[in-house]
């Protein structure tokens, strides 16, 4: 007996939904498996000594202290460069710009910047900061390169945060006689700070994990000391992981998993912080 | 008076910062051109774009970029074939079927995947995936184009899922209600109303996914085996444009033809990513009207 059409349609739907569910698992399971593998195999390798000592025996033993410090210094410097320009650009786009060709050009440039491959940023950093401006392979050159890379992240998040501040805040401030800048500074910006911080933390996470832009601008293959100044080379966690996984044979697997684990914890905890901050901000918002 | 000057100064500073992004894009373009075009003083452009041999340090050197472009294409195509159906399906599941805590958990899982640094994925690709591929297909090496495609698919999927989700969410409620009111099942509504209506957004998602994949460097350099030959099969080692720049820039003598040739590859990459972004922007714009 042939089944009625509606029953067949429901049968098809059941099969389709199961397939959709399995597809979703096909993305989520690798994510969990990757993080799980690194955590299980890397946690054992991490000790206080691993985190706080210099690498020894051609990086086959010892710790990753200079790589951790290098990455922290690099991202701090990156934020110092990227944050002011990022916020200023967002303020310009939301509070000052009118809808003309110049504004559209700025937006096009930002979209384009967010799509530039990371290794091309590396080339650019090499050409401009390392060679043309003569900074050499240094923390400064690397931080400037990374700052340009994360600029679109910070601008987009700050813009969204500024736009979510209600129009009435601005109108009231202006009606009380405040100037345009006073309004932005005291009636808009303070309420956008959590959103801007979320974007900044996401940008830091991106900068901390990237390798290609720092390959030719900062990274030292093996530098068992801390950088002296911003004009000095430095080791960095992602580059260190690349080096010990591809360039150095006969290295204990625990060294590699340990380094991968530390990098993953750093990057994921930054992302987690951003997510929590965003959620708390959304819940507490009164308007 | 002082107040007015201060205000003026701040406004000018902010406007100048706004122009910074334009200046940076122009600077990137100029520096790539300045260093990259220097190659063509000694090497004809046809030898670069049409040459099928990349032997940068042999004597005489050969700078044929074709094997690298094809390498990038093979790896990218593989990744997109793997990633697109799965990503669209899971975007449908997450935005239309999943609810409550399950939805949040799945979204978090996908966001986590997006956050993993590419060098970590590359490391696991070498340590875990490559031995599997080697064993499964009985190959001399597990570092192949396919290995690269799988790792890159993992990196493209979060991008495609989240933009597809946005596109689905932008389809008006009325479309769904009208389809259901006509007696369509939820699946019929999704496959015949929702997906066609969200098409421009989904195309944009795919474009941006391709952009992410073709520009990816570290993971692909670590798992594809880096053999600069014209690829004949997905089970052999290949070398992409990005990996070539990253692997060889360290050794290239500053100011040599090799150095300029790597910048010339950078121009090709920059042009491709510019076109992909422009296309995605066009699709997203089309959706809004």
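Read-outs: derived from the displayed coordinates by stated rules, not from any lab. Here the structure is a predicted model, which means the values were calculated and not measured. Positions of Cβ are generated from backbone atoms using ideal geometry, with glycine treated the same way; all protein chains shown enter the neighbour counts.
Report, largest value first, the span of the C-alpha coordinates of the protein assembly as shown along each principal axis, in whole Å.
90, 71, 56
So if I restrict to the alpha-carbon atoms in region A:63-284, what is the Rg, and what is Dmax, the biggest pairwise distance, in Å?
19.8, 71
State, to one decimal in nm, how far the label point of residue B:285 lies from the label point of residue B:4, with both points 7 Å from Cα in the Cβ direction.
It works out to 4.0 nm between the two label points.
Of A:12, A:130, A:75, which is the most mobile in a GNM of chain A whose springs link Cα atoms less than 10 angstrom apart?
In this elastic network of chain A, the residue with the biggest mean-square fluctuation among A:12, A:130, A:75 is A:12.
Would you mind giving the mean number of other chain beta-carbons within 10 Å of the Cβ of each residue in A:13-23, as a whole number? Don't jump to the answer; show the numbers that get you there.
On the way: counts 8, 2, 1, 9, 7, 0, 3, 13, 7, 4, 11.
Mean shielding count: 6.
Report the relative contact order of chain B, percent, no decimals, based on alpha-carbon pairs under 8 angstrom and at least 6 residues apart. Working shown, then result.
Numbers: 388 pairs, mean separation 76.6, N = 289.
So the answer I get is 27 percent.
Relative contact order for chain A using alpha-carbon pairs under 8 Å, separation at least 6, rounded to a whole percent?
Working: 355 pairs, mean separation 75.0, N = 287.
Computed value for chain A: 26 percent relative contact order.
Sum -39500 (n - 2.57) across every DSSP H segment of at least 4 residues in chain A, then divide by the residue count to get the 222 nm mean residue ellipticity, nearest 500.
Numbers: 12 runs with 199 residues, N = 287.
Rounded to the nearest 500, the figure is -23000 deg cm²/dmol.
Can you compute the helix-only [θ] at 222 nm over chain B? Use -39500 (n - 2.57) per DSSP H run of at least 4 residues, normalise by all residues, nearest 500 deg cm²/dmol. If you can, show how the numbers build up before the last one.
Details: 13 runs with 200 residues, N = 289.
My calculation for chain B gives -23000 deg cm²/dmol from helical runs alone.
Can you pull the Kirkwood radius for region A:118-198, inverse mean 1/r over Cα pairs, to one decimal in Å? Please report the intermediate quantities before stating the final value.
On the way: mean 1/r = 0.0665 Å⁻¹.
Hydrodynamic radius (Kirkwood, Cα only) of region A:118-198 equals 15.0 Å.
I'd like the mean, over residues of A:28-36, of how many other protein chain beta carbons sit within 10 Å of each residue's own Cβ.
On the way: counts 11, 1, 11, 12, 3, 2, 9, 6, 0.
Averaged over the peptide's residues, the number is 6.
Quick one: among A:226, A:176, A:139, which has the greatest mean-square fluctuation in a GNM of chain A with alpha-carbon springs under 10 angstrom?
For chain A, modelled as a Gaussian network with Cα springs under 10 Å, the answer is A:176.
In whole angstrom, how far apart do the alpha carbon centroids of region B:48-82 and region A:84-126 sit?
Centre-to-centre distance over Cα atoms comes out at 31 Å.
I want to check the label-to-label distance for residue B:278 and residue A:167. Put each point 7 Å from Cα in the C-beta direction and report it in nm to one decimal.
Distance between label points: 3.5 nm.
If you take each beta carbon of peptide A:204-214 and count the beta carbons of other chains within 10 angstrom, what is the mean?
Working: counts 0, 2, 2, 0, 1, 7, 5, 11, 11, 1, 0.
Counting Cβ atoms of other protein chains within 10 Å of each residue's Cβ and averaging gives 4.
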